């Protein structure tokens, strides 16, 4: 026998409660508790009766065969990089991002390559078959073997997978799926969780790779309960602004590879195009002989990527000066401004300060501190930093320039792209071998003021 239980679930964080709250006790969001019905089983077999049926499934680690690991080549090198070498057979992948960022586009594009050798099922709960055909025609997807299903019932989809046994299934999106036994609407916390669990069991039982498309809420987090990210094997997230052409694909979670790798794409009228040399793409077309701009080198996984940092310092027209950062942590920018005032003697108390990382990248690592500080100082003093100069280093609270990792790899990438001067922390000079970097000049600095004087020297 089964019975229903009424619970209240927060649509922002997934917090469950037996009674309604105006303010969620977990995330603090107002008016986010929704009433839902949950079906619970009242009679279950005892554990002693069920042990015998599963005892034959227990294996020792030495008897598990790992030599048959199979990865599917998606035909997109950047996507393969982020996945850790390809799509693992029997894995459950969640692809999320803002609306219009390119989630459905990239899935339909890889179908063109995958369907040549594998059986692929594309399930859409948001578009009709005719709409999918129109979008496929625009993207140049002409595969005749690609199976299309327009369905929102998760049980029907899983039954089709059980009988037809496709190699890869793509579901767009998980928020449109539902299970008839769950007494709640599509997209609710309960429906999303139960549907994901059903697809997870299907993927593992039949060795089918399933890719789920997930929407995000107003805060940019994946819509649905947080447990959704724990259920799946891999979580991929599309970053970038809709009005910009570049898209960054990042692995937030990956059980079969690194979570540090990123893939760079450009959105065009014919779909997403992978950028094989993102450093060149990010710094191409940057303005020359203009104050407030500086180039740094970021490490994303195993790949060095050059990024242009723009800073602007201007007299404030308000009582309180404004601070704004795009692609850089706001609190860290405020800390750098305080260090510039206290330790370097540059007064910014009545100045509006803006920082922008060009191209939609996010500069999260501390090595970008020095480039942000110098771009602000360059705008404040209206002094140009030479376009052939690149800087990277972490700034401490004492104003000192601290050591960074992968310094040699960064310098080699800068040399490859034609930079002539490189400013790095003084401590990193000890680990470099002289004469290994060709014509590029390397300068070691100890503090912010020394770094700024070195950057604007000979300009």
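The values are calculated or read from the model by the stated rules, or taken from the named source; none is laboratory data. Computed from a predicted structure; not experimentally measured. Note that we place each Cβ from the backbone using ideal geometry, even for glycine, and neighbour counts take in every protein chain shown.
Checked against (1) crowded, with 16+ Cβ neighbours inside 10 Å; (2) touching a helix residue (DSSP H, G or I) at 6+ places or on another chain (Cβ under 8 Å), residue 216 passes all but a single condition, namely (2). Taken over region 321-348, the criterion of being loosely packed, with under 13 Cβ neighbours inside 10 Å and part of a loop (DSSP other than H, G, I, E, B) is satisfied by 322, 345, 347.
So that you can scan it fast, the table gives a plain yes or no per residue for (1) at pLDDT below 85; (2) under 19 Å from residue 327 (Cβ atoms); (3) assigned to a strand (DSSP E or B); (4) not assigned by TED's automatic domain parsing to the domain that holds residue 34:
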site: 220; (1), (2), (3), (4): yes, yes, no, yes
site: 235; (1), (2), (3), (4): no, no, yes, yes
site: 238; (1), (2), (3), (4): no, yes, yes, yes
site: 248; (1), (2), (3), (4): no, yes, yes, yes
site: 258; (1), (2), (3), (4): yes, no, no, yes
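Among the conditions (1) crowded, with 19+ Cβ neighbours inside 10 Å; (2) modelled with pLDDT under 90, the only one that residue 272 does not satisfy is (2).
Taking the condition of being closer than 18 Å to residue 115 by Cβ and either in a helix (DSSP H, G or I) or not assigned by TED's automatic domain parsing to the domain that holds residue 272 (or both), how many residues in region 135-156 meet it?
To start, the set of residues in region 135-156 that are closer than 18 Å to residue 115 by Cβ comprises 135-150.
Within this subset, residues satisfying the condition of being either in a helix (DSSP H, G or I) or not assigned by TED's automatic domain parsing to the domain that holds residue 272 (or both) are 135-139.
Number of matching residues: 5.
Can you spot a residue in region 332-342 that is farther than 22 Å from residue 453 by Cα, modelled with pLDDT of 95 or more and in contact with a helix residue (DSSP H, G or I) (Cβ under 8 Å, 6 or more places away or on another chain)? Looking for residues that are farther than 22 Å from residue 453 by Cα, modelled with pLDDT of 95 or more and in contact with a helix residue (DSSP H, G or I) (Cβ under 8 Å, 6 or more places away or on another chain), one finds at least one in region 332-342, hence yes.
Taking the condition within 22 Å of residue 215 (Cα to Cα) and surrounded by fewer than 16 Cβ atoms within 10 Å (Cβ to Cβ), does residue 144 pass? For residue 144, the condition - within 22 Å of residue 215 (Cα to Cα) and surrounded by fewer than 16 Cβ atoms within 10 Å (Cβ to Cβ) - is not met.
Answer yes or no: is there a residue in region 374-389 that is closer than 25 Å to residue 247 by Cβ, modelled with pLDDT under 95 and assigned to a helix (DSSP H, G or I). Steps first, please.
Filtering region 374-389 down to residues closer than 25 Å to residue 247 by Cβ leaves 375.
Those still in the list that are modelled with pLDDT under 95 too: none.
No, region 374-389 contains no residue that is closer than 25 Å to residue 247 by Cβ, modelled with pLDDT under 95 and assigned to a helix (DSSP H, G or I).
Looking across region 369-391, the residues that are crowded, with 23+ Cβ neighbours inside 10 Å and touching a helix residue (DSSP H, G or I) at 6+ places or on another chain (Cβ under 9 Å) come down to 369, 370, 372, 373, 374, 376, 377, 378, 385, 389, 390, 391.
Residue-level check: of (1) farther than 21 Å from residue 367 by Cβ; (2) assigned to a strand (DSSP E or B); (3) out of contact with any helix residue (DSSP H, G or I) (no Cβ under 6 Å at 6 or more places or on another chain), residue 313 misses just (3).
Hey, could you check region 147-170 for residues that are touching a residue at least 60 places away in the same chain (Cβ under 8 Å) and crowded, with 19+ Cβ neighbours inside 10 Å and say which is farthest from the chain's Cα centre (by Cα)? Steps first, answer last, please.
Pass one, region 147-170, residues touching a residue at least 60 places away in the same chain (Cβ under 8 Å): 167-168, 170.
Among the residues that remain, those that are also crowded, with 19+ Cβ neighbours inside 10 Å are: 168, 170.
On the way: 168: 23, 170: 19 Å.
Going through the qualifying residues, I end up with 168.
Scanning region 171-194 for any residue that is under 23 Å from the mean Cα position of the chain (by Cα), outside the structural domain of residue 15 (by TED's automatic domain parsing), within 22 Å of residue 70 (Cα to Cα) and outside any loop (DSSP other than H, G, I, E, B) turns up at least one such residue. Set side by side, the residues 410, 362 differ, and just one is part of a helix (DSSP H, G or I) and crowded, with 16+ Cβ neighbours inside 10 Å, which is 410. Going by the conditions given, is residue 400 at pLDDT below 95, touching a strand residue (DSSP E or B) at 6+ places or on another chain (Cβ under 9 Å) and surrounded by 16 or more Cβ atoms within 10 Å (Cβ to Cβ)? It is false that residue 400 is at pLDDT below 95, touching a strand residue (DSSP E or B) at 6+ places or on another chain (Cβ under 9 Å) and surrounded by 16 or more Cβ atoms within 10 Å (Cβ to Cβ).
Taken residue by residue, region 243-254 has at least one member that is without any contact (Cβ under 8 Å) to a residue 24 or more places away in the chain and under 25 Å from residue 229 (Cβ atoms). Condition check: under 30 Å from residue 108 (Cβ atoms) and free of Cβ contacts under 8 Å to residues at least 40 places away in the same chain. Does residue 287 satisfy that? Judged against the criteria, residue 287 is not a match.
One residue stands out among those in region 426-459 that are closer than 18 Å to residue 344 by Cα and in contact with a helix residue (DSSP H, G or I) (Cβ under 8 Å, 6 or more places away or on another chain): the one that is modelled with the lowest pLDDT, which is 456. Picking from residues in region 197-218 that are more than 14 Å from residue 12 (Cα to Cα) and part of a loop (DSSP other than H, G, I, E, B), the one that is modelled with the lowest pLDDT is 207. Is it fair to say residue 299 is in a strand (DSSP E or B), farther than 28 Å from residue 421 by Cα and touching a strand residue (DSSP E or B) at 6+ places or on another chain (Cβ under 9 Å)? It is false that residue 299 is in a strand (DSSP E or B), farther than 28 Å from residue 421 by Cα and touching a strand residue (DSSP E or B) at 6+ places or on another chain (Cβ under 9 Å). Residues in region 96-124 that are over 25 Å from residue 250 (Cα atoms) and in contact (Cβ under 8 Å) with a residue 12 or more places away in the chain: 3 in all.
A residue that is under 27 Å from residue 357 (Cα atoms), crowded, with 16+ Cβ neighbours inside 10 Å and at pLDDT below 85 cannot be found anywhere in region 175-196.
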